[in-house]
Amino acid sequence: MDKRPIGVFDSGLGGLTVVKELMKWLPREDIVYFGDTARIPYGTRSNETVIRYSEQCIRFLLSQGIKMIVIACNTVSSISLDIVKEKFDIPILGVIEPGAREAAASTRNKRLGVIGTQATIRSRAYEKAVSRLDPEIRIFTNPCTLFVPIVEEGWNDSKIALLTAERYLDSMRDEDIDTLLLGCTHYPLLEDAIGKVMGPEVRLVNPAEATALEVGRILKTRGILNEGEAEARYNFFVSDLGEKFEELGGRFLGREIKCARKIEIEKF
Ligand code: DGL
């Protein structure tokens with residue numbers, strides 16, 4: 001039994017989609033969230049920069065006395081996971097393995113689509129993880145760079161979202177995939193547009209739920225699950241408190257965010 005919080009971080013507020021699932025599946029666990037809102041997006045940056053940023057995020061979370069780290073960002077999970085696991089002495093889980101497992105289990109015809117940021121797709125992290133699970137699965141990938149700003153702008157249900165999805169996913173439609181992995185924190189918010197373009201026969205996989213379930217397994221195996229009765233506490237930190245913070249945060253989390261605090265991430 002360990003009452004310390006779980007630390008979760010992302011390049012911005014998109015990782016709150018993972019927090020939402022953690023709240024649902026592990027309601028006793030306290031959570032400290034850090035969103036690097038001043039430096040988003042990570043998805044178009046070099047590996048070197050993403051690694052440096054992720055190490056700073058982890059050092060900040062460690063200063064909060066956490067028992068485990070969840071990297072909610074697909075870009076960071078793709079690029080930095082192995083490096084930070086070596087460097088820091090704390091359990092660290094990314095979203096790639098859980099997402100890949102769910103997608104591999106979902107495809108019946110062994111034709112899987114993966115979409116994400118440029119950095120995630122370039123890293124081939126999802127492809128490698130899926131191939132380790134089942135080398136027969138054929139994987140089709142595409143970076144969908146504009147999806148992130150569309151969600152940040154709140155245009156999820158707009159004609160622009162639909163047209164952009166059509167443009168990015170047109171080639172994917174010809175590949176006869178039966179599962180599409182949404183390999184970016186923001187893409188689950190575009191499920192309607194993506195679903196309309198891909199059609200009802202293509203299952204959309206969001207790694208957030210599988211990640212939360214895996215966190216539960218890790219805490220249990222290590223004997224560090226919080227089995228107390230107290231109501232869970234949530235603390236939110238960001239590197240910039242922009243105008244749209246509450247609106248955007250609420251959209252990702254599915255509920256209001258209270259009392260987010262700003263920190264100087266460059267100091268960590
Ligand atoms: N959080 C990032 C991801 O899941 C998307 C936003 C960004 O590019 O930083 O890849």
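The values are calculated or read from the model by the stated rules, or taken from the named source; none is laboratory data. Since this is a predicted model, take the numbers as computed values, not measurements. Cβ sites come from the backbone with ideal geometry, for glycine too, and all protein chains shown count toward neighbours. For accessibility, only protein heavy atoms count, side chains too; no ligands or nucleic acids. Shrake-Rupley method; radii C 1.70, N 1.55, O 1.52, S 1.80 Å.
Here are the numbers:
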quantity: When residues of the range 34-55 are limited to those that are among the basic types (Lys, Arg) and under 16 Å from SER78 (Cβ atoms), the one nearest to the ligand (Cβ to nearest atom); calculated: ARG45
quantity: Given (1) over 15 Å from THR17 (Cβ atoms); (2) out of contact with any Asp or Glu (no Cβ under 7 Å at 6 or more places or on another chain); (3) at pLDDT 95 or above, number of the condition MET172 does not satisfy; calculated: (3)
quantity: Test: residue in the range 12-33 that is at pLDDT 95 or above, within 9 Å of the ligand (Cβ to nearest atom) and in contact with an Asp or Glu (Cβ under 8 Å, 6 or more places away or on another chain); calculated: no
quantity: Residue check, SER158 over 24 Å from GLY254 (Cβ atoms) and small (Gly, Ala, Ser); calculated: no
quantity: Matching helices (runs of 4 or more DSSP H) fully within the range 182-268 where at least 1 residues are touching a strand residue (DSSP E or B) at 6+ places or on another chain (Cβ under 7 Å) and open to solvent by 70 Å² or more (accessible area, probe 1.4 Å); calculated: 191-198
quantity: Listing of helices (runs of 4 or more DSSP H) fully contained in the range 56-160 that carry 1 or more residues being away from the ligand (no atom under 14 Å from the Cβ); calculated: 74-87, 96-106, 125-133
quantity: The lone exception for GLY35 - which of (1) out of contact with any Gly (no Cβ under 6 Å at 6 or more places or on another chain); (2) open to solvent by less than 10 Å² (accessible area, probe 1.4 Å); (3) touching a residue at least 60 places away in the same chain (Cβ under 8 Å); (4) not aliphatic (A, V, I, L, M) it fails; calculated: (1)
quantity: Residue that is least open to solvent (accessible area, probe 1.4 Å) [pool: residues in the range 137-148 that are in contact (Cβ under 8 Å) with a residue 24 or more places away in the chain and over 15 Å from PRO188 (Cβ atoms)]; calculated: ILE137
quantity: First in the range 38-54 and of a type in the set (Val, Ile, Thr) and open to solvent by 70 Å² or more (accessible area, probe 1.4 Å), second anywhere and within 11 Å of the ligand (Cβ to nearest atom) and not in a helix (DSSP H, G or I), Cβ under 8 Å, 6 or more apart; calculated: THR44/THR117; THR44/THR145
quantity: Residue match in the range 239-247 (condition: in contact (Cβ under 8 Å) with a residue 60 or more places away in the chain, touching an Asp or Glu at 6+ places or on another chain (Cβ under 9 Å) and within 25 Å of LYS3 (Cβ to Cβ)); calculated: no
